[in-house]
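For reference, the structure discussed in these notes is given below.
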Amino acid sequence: MVSRLDGKTILVIGVGSGIGAASVGIFAAEGARVAGVDLRPAEEVHATRPIADDREADDRLIYIQADLTDEAAVERAFQTASSRFGRIDGVFHCVGVVSRVSILDCTMEEWQHVLAANTTSTFLVSRGAIQQMRHQEPAGGSIVHMSSSVAVGGGPGTAAYTAAKGGVSALTRQLASEYGRDKIRVNCIAPSRVEATGLYVSWIATQPDAAAAYRDAVRSNPLGSAYGRLVNPQDVAHAALFLLSDESCMISGITLDINGGARPRP
Ligand SMILES: NC(=O)c1ccc[n+]([C@@H]2O[C@H](COP(=O)([O-])OP(=O)(O)OC[C@H]3O[C@@H](n4cnc5c(N)ncnc54)[C@H](O)[C@@H]3O)[C@@H](O)[C@H]2O)c1
């Protein structure tokens with residue numbers, strides 16, 4: 001049986017935690033060679049350790065430490081992955097940081113930090129991926145970025161993050177129309193709150209009663225209340241798997257909501 005990412009090399013960025021970490025095993029199980037990237041030192045990143053006790057696994061998984069806001073580091077990450085595996089068929093960009101202050105309390109430094117980690121990193125990753133995907137033989141590939149439901153609905157105290165993720169969705173649409181002729185697809189995913197992630201942990205830490213906050217979040221979500229949980233990292237990784245596979249070969253420029261049916265506030 002042919003697996004959904006057989007023969008493909010996928011760069012997963014943000015593999016140290018959350019959605020990126022959950023994606024590595026799912027993509028590798030579907031036949032992908034995975035180059036995992038994160039800011040953290042290799043010894044802190046468990047997702048890219050060989051999945052099976054199998055020497056072949058080492059040939060299909062590498063780890064590259066890089067800061068996604070650093071132009072030269074992003075270029076080096078693409079060079080390392082493409083020289084190791086020969087080509088890059090897909091990129092899943094899962095890096096993001098959130099800020100939880102209103103615009104009145106947001107310093108210039110915090111604004112720039114949030115824009116750099118979410119939006120400037122999307123520019124650098126897109127540029128690196130498109131350069132590689134246009135010139136490899138055969139040309140083409142699929143790029144998946146991470147936006148958020150706040151990009152449409154907003155959220156209290158998330159001015160910088162909302163602006164940053166709005167930029168991710170807008171850049172996704174622009175690149176899709178410009179590079180489709182090169183067989184390059186660009187999409188993004190916009191989840192509501194995703195449990196068992198770094199961003200979730202930082203949110204729950206702000207709640208006076210964590211258990212009650214979780215229960216309320218589940219209850220207010222249509223599918224969440226049916227399943228008794230929020231969106232989880234695997235839900236998002238499976239959506240990215242579809243967008244990276246050839247099953248979605250005519251889909252480009254979309255923002256795919258994963259929000260359990262919750263209606264984003266306009
Ligand atoms: N978790 C949620 O509730 C949620 C909801 C909507 C959107 N998102 C988006 O999904 C993506 C993943 O979120 P998550 O909660 O899984 O994140 P996370 O915090 O669990 O993991 C993010 C990873 O990115 C790495 N990272 C941070 N800055 C970096 C940098 N400059 N260079 C390289 N690596 C860096 C971190 O070390 C970490 O391993 C983000 O873009 C986030 O904005 C998350």
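When R173 is evaluated against the numbered criteria (1) more than 16 Å from the ligand (Cβ to nearest atom); (2) without any contact (Cβ under 8 Å) to a residue 60 or more places away in the chain; (3) surrounded by fewer than 18 Cβ atoms within 10 Å (Cβ to Cβ), which criterion, by number, is the only one it fails? Single failed check for R173: (2). Checking the structure you have, find out if any residue of the range 218-225 is in contact (Cβ under 8 Å) with a residue 60 or more places away in the chain, over 17 Å from V95 (Cβ atoms) and among the β-branched types (V, I, T). For the range 218-225, residues in contact (Cβ under 8 Å) with a residue 60 or more places away in the chain, over 17 Å from V95 (Cβ atoms) and among the β-branched types (V, I, T): absent. Can you pull out every residue in the range 235-255 that is assigned to a helix (DSSP H, G or I) and closer than 24 Å to A129 by Cα? Result: V236, A237, H238, A239, A240, L241, F242, L243, L244, D246, E247, S248. Listed by position, the helices (runs of 4 or more DSSP H) contained in the range 50-141 that have at least 3 residues being within 15 Å of the ligand (Cβ to nearest atom), under 21 Å from the mean Cα position of the chain (by Cα) and crowded, with 19+ Cβ neighbours inside 10 Å are 71-85, 121-135. Restricting attention to the range 209-266, the residues that are of a type in the set (V, I, T) and modelled with pLDDT under 95 add up to 0. Against the conditions (1) in contact with a His (Cβ under 9 Å, 6 or more places away or on another chain); (2) more than 14 Å from the ligand (Cβ to nearest atom), where does V34 fall short? Just the number, please. Unmet condition: (1). Return yes when E43 is within 14 Å of the ligand (Cβ to nearest atom), modelled with pLDDT under 95, more than 14 Å from the chain's Cα centre (by Cα) and not in a loop (DSSP other than H, G, I, E, B) and no when it is not. When the stated conditions are applied, E43 passes them. The residue that is surrounded by the fewest Cβ atoms within 10 Å (Cβ to Cβ), among those in the range 203-231 that are charged (D, E, K, R) and in a helix (DSSP H, G or I), is R219.
Selection over the range 183-205 of residues that are more than 10 Å from the ligand (Cβ to nearest atom) and touching a residue at least 12 places away in the same chain (Cβ under 8 Å) gives a count of 5. Set side by side, the residues F78, F85, F92 differ, and just one is aromatic (F, W, Y) and closer than 18 Å to K165 by Cα, which is F92. Scanning the range 183-202 for residues that are assigned to a helix (DSSP H, G or I) and within 15 Å of S149 (Cα to Cα) yields L199, Y200. Looking across the range 142-158, the residues that are aliphatic (A, V, I, L, M) and buried (at least 21 other Cβ atoms within 10 Å of the Cβ) come down to I143, V144, M146, V150, A151. When we screen G167, G155, G180 for residues that are in a helix (DSSP H, G or I) and within 15 Å of the ligand (Cβ to nearest atom), the only hit is G167.
The values are calculated or read from the model by the stated rules, or taken from the named source; none is laboratory data. This is a predicted model, so every value here is computed, not measured. Cβ atoms come from the backbone with ideal geometry, glycine included; neighbour counts cover every protein chain shown.
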